[in-house]
1. Short version: ³J(HN,Hα) in whole Hz for each residue of region 78-85, in order, from phi by Karplus 6.51 cos²θ - 1.76 cosθ + 1.60 (θ = phi - 60°), x for Gly and Pro, what are they?
2. Give the residue list of GluC sites (Glu not before Pro) in region 83-141 that are DSSP loop and have at most 11 other beta-carbon atoms within 10 angstrom.
3. Around residue 71, with a cut-off of 15 angstrom between Cβ atoms, what is the net charge of the other residues, counting Lys and Arg +1 and Asp and Glu -1?
4. If Lys and Arg each add +1 and Asp and Glu each add -1, what is the summed charge of the other residues whose beta carbon sits under 14 Å from the beta carbon of residue 84?
5. For region 63-165, calculate the relative contact order in percent as a whole number, restricting contacts to Cα pairs under 8 Å that are 6 or more residues apart.
6. Out of every Cα pair in region 61-164, what percent are spaced more than 18 Å from each other?
7. Order the peptides 104-112, 54-62 from the highest to the lowest mean number of other Cβ atoms within 10 Å of their residues.
8. Where in region 61-103 does the amide nitrogen come within less than 19 Å of the point 7 Å from the Cα of residue 138, taken along Cα to Cβ?
Amino acid sequence: MTRLEKYVCATYICLAVALGGVLGYFKFAVYDISKASAMQKDENENVSEAKENEINVPTGFVPIKAELTAYCNCAICSEQWGSQTAMQTHTRVGVVATPKEISLGSKLFIPDLKKFKEDCLFDVEDRGGAVKIKSDGTYIIDVWLPTHEQVKEFGRKKTIVYLLK
Ligand SMILES: [Zn+2]
């Protein structure tokens, strides 16, 4: 090889290495950008999901820490009272019993009970022996359900309810 040939050859090798490096860099950079944008998209999706799950509490309702239990018209749950409420109305889906600190006729918004009542609005029309405010300030609220099976399945739920003031 002549000196010129050696020089050209070396230049080509240098160029090839440099080009390879540049290509490699771009590939990495592009991969990184697409990964970053994919992550960005993920985050956005999570945000919109969270927004969908977000409860729109109607205006005028204030939050109360509560523990929900359930009752029905049966003798175990309602003794001799059956379907008669403390407000002289009849039990139905949407009726709840609360401690006396919440007056009869009040409205509660209970997002956790959406599957029982689509609009989550409940009428305070009943009272009960086990329905009270616990020492930590939690309101025990009894939710009326059609069958004792559902009452048993319901168990106890800690949640936030909203009282219309
Ligand atoms: Zn019952």
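All of the numbers you see were taken from the coordinates with simple rules; none came from a lab. Being a predicted model, the structure only gives us computed values, none of them experimental. Using ideal geometry, Cβ is built from the backbone for each residue, glycine included, and neighbour counts are taken over all protein chains shown.
1. Coupling constants for region 78-85: 10, 6, 7, 6, x, 8, 8, 8 Hz.
2. Details: sites: 101, 118, 125; in loops: 101, 118.
The qualifying sites are 101, 118.
3. On the way: positive: 92, 127, 132, 152, 156, 157; negative: 67, 79, 123, 125, 126, 142, 149, 153.
Residues near residue 71 contribute -2 overall.
4. Local charge sum for residue 84: -1.
5. Here the relative contact order equals 45 percent.
6. 39
7. Ranking, from highest mean packing down: 104-112, 54-62.
8. Of the residues in region 61-103, 63-71, 97-102 have backbone N under 19 Å from the label point off residue 138.
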